[in-house]
1. Let me confirm something: among ILE394, ILE439, ILE372, which residue is under 37 Å from the mean Cα position of the chain (by Cα), at pLDDT below 65 and either in the same structural domain as LYS57 (by TED's automatic domain parsing) or surrounded by 13 or more Cβ atoms within 10 Å (Cβ to Cβ) (or both)?
2. Looking only at residues in the range 90-127 that are of a type outside the set (Val, Ile, Thr) and more than 23 Å from MET246 (Cβ to Cβ), which one is surrounded by the fewest Cβ atoms within 10 Å (Cβ to Cβ)?
3. Pull up the range 221-271, narrow it to residues that are more than 19 Å from the chain's Cα centre (by Cα) and at positive phi, then point me to the one that is modelled with the lowest pLDDT.
4. What's the total number of residues in the range 125-148 that are more than 17 Å from ASP162 (Cβ to Cβ) and not basic (Lys, Arg)?
5. Quick check on this structure: which one of LEU120, LEU111, LEU99, LEU129 is touching a strand residue (DSSP E or B) at 6+ places or on another chain (Cβ under 9 Å), farther than 28 Å from TYR260 by Cα and not acidic (Asp, Glu)?
Amino acid sequence: MFSKIKDALSKFNLGIGDKKATEALIKEIQRNLIRADVDISLVFELSKNIRKEAMKKPKTGITKKEHIINAVYEELTRILGKEKETVSFNKDIIVLAGLYGSGKTTASVKLANYISRKNLSVGIVCTDLDRPAAYEQLSQFASKTKAEVFGEKDAKRNKVIDVLNEGIDHFAKKDIIIVDTAGRSSFDDELKKELKSIIDASKAKANKNVVVYLVCSGDIGKAAKNLAGAFKDVSGGIDGVILTKMDSSAKGGGALSSCYGAEAPVVFIGVGEKINDFEEYDPVRFTSRLLGMGDLHGLLEKVQGAIDQEEMEAMMEGELNMETFYLQLKNIKKMGSLSKMMSMIPGFSSANIPKNVMDTSEDKLKMYEAVISSMTKKERLDPELIDRSRIERIAKGSGVRTSDVKELLKQFRMIKKMTKKMQSKSFMKGKLGTMMKSIGGF
């Protein structure tokens, strides 16, 4: 699949300022995307965005290589889907569309089996009247599941809508109806007209939500983008993509190009030949599989938990209020403790700051967050407004004691006083820069 990209990244061990090495890596990523049959225009879009992100300074604590791996991940999931889709079935009619050989019939049965395991009743309507023995094949495969199949063995092709309507009536009491449509070796005008009529008839026939999934084979190659776009235009919009044949023989480019052309995320993936080899799309797991990186999840957690250097500097330079203090608390939690962060700042490791402030626990930081969330916008921007009555209201709203609110205000004033000292020009250029370098390991 895209494992060659991993090989290219594994060889990248140069410093943060080496633009020439970074550019060489981007070129290698480009070549590997093209070899994986990704549409050429998409290759240039992906590489352009990866280059733009790669040239940025990594977050504190993140190496250049980790930064670029994250950029590759972000670009791939921008196309495939950044989030795991929450698939909820609610009296739906699911129309499966795709070319001949894409695996629609197999996907129909696997999807029906997946839904049945959620204790929902499923019926499959066979509207493929073009392929010989399509109904018999579907019925035989579905016999391994709890799903029922409706179709007509020798129906004429011009009877597609009649069969569809009869099937919807037949399965009126089912929770979900899946419509297996016909495919062609190419997306011709006849197939376009038939698919549109099936979708329109499904919407008109029953009081059910009609969902359209595009079934795409992982080995479809460079044609995927245009074909997916054509299906999207005819259907009025694709709700999701089901990827099939995503085994070791598939290059994987069809997956990216299909989602790009359909402007729809992946919802399900067929990962093998067995009926249970069908799973919901998970961006981290799937991208790890594409790139051949088993440790991608840990890397992403590290990147997401890293402190953004520019954000930290902006907070240091700006006027400290409860809102910026809240952001600082979140960053302190990432570092582990306030004392750990302060120990990295030259001149502040032995500052005259009370020990109870320096060793603030994570539980207390969470409590402080709750207190700040209970403040009004005006109170967060100007904590000096908070008098006794406001303290009582904030304590009640956050479920803490009034003494806890007073403690937070006291610590806020201490930190504000310390921050003013940190905001001197010489400090920002010297000590803060040194701190950031020591944290990031540059």
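1. Numbers: ILE394 fails: at pLDDT below 65; ILE372 fails: at pLDDT below 65.
Exactly one residue qualifies, and that residue is ILE439.
2. Top of the filtered list is ASN119.
3. Among those residues, the one meeting the criterion is GLY221.
4. If we filter the range 125-148 for residues that are more than 17 Å from ASP162 (Cβ to Cβ), which is where we start, we get 131-133, 136-148.
Right, trim to not basic (Lys, Arg) and you get 132-133, 136-143, 145, 147-148.
Count: 13.
5. LEU120
Quick grid of which residues meet (1) modelled with pLDDT under 90; (2) part of a loop (DSSP other than H, G, I, E, B):
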residue: GLY123; (1), (2): no, no
residue: GLN140; (1), (2): no, no
residue: LYS144; (1), (2): yes, yes
residue: GLU152; (1), (2): yes, yes
residue: ALA155; (1), (2): yes, yes
residue: LEU164; (1), (2): no, no
residue: ARG184; (1), (2): yes, yes
residue: LEU191; (1), (2): yes, no
residue: ALA201; (1), (2): no, no
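The values are calculated or read from the model by the stated rules, or taken from the named source; none is laboratory data. Please read these numbers as outputs of a predicted model, since none were measured by experiment. Heads up, the Cβs are rebuilt from the backbone with ideal geometry, glycines too, and the neighbour counts pull from every protein chain shown.
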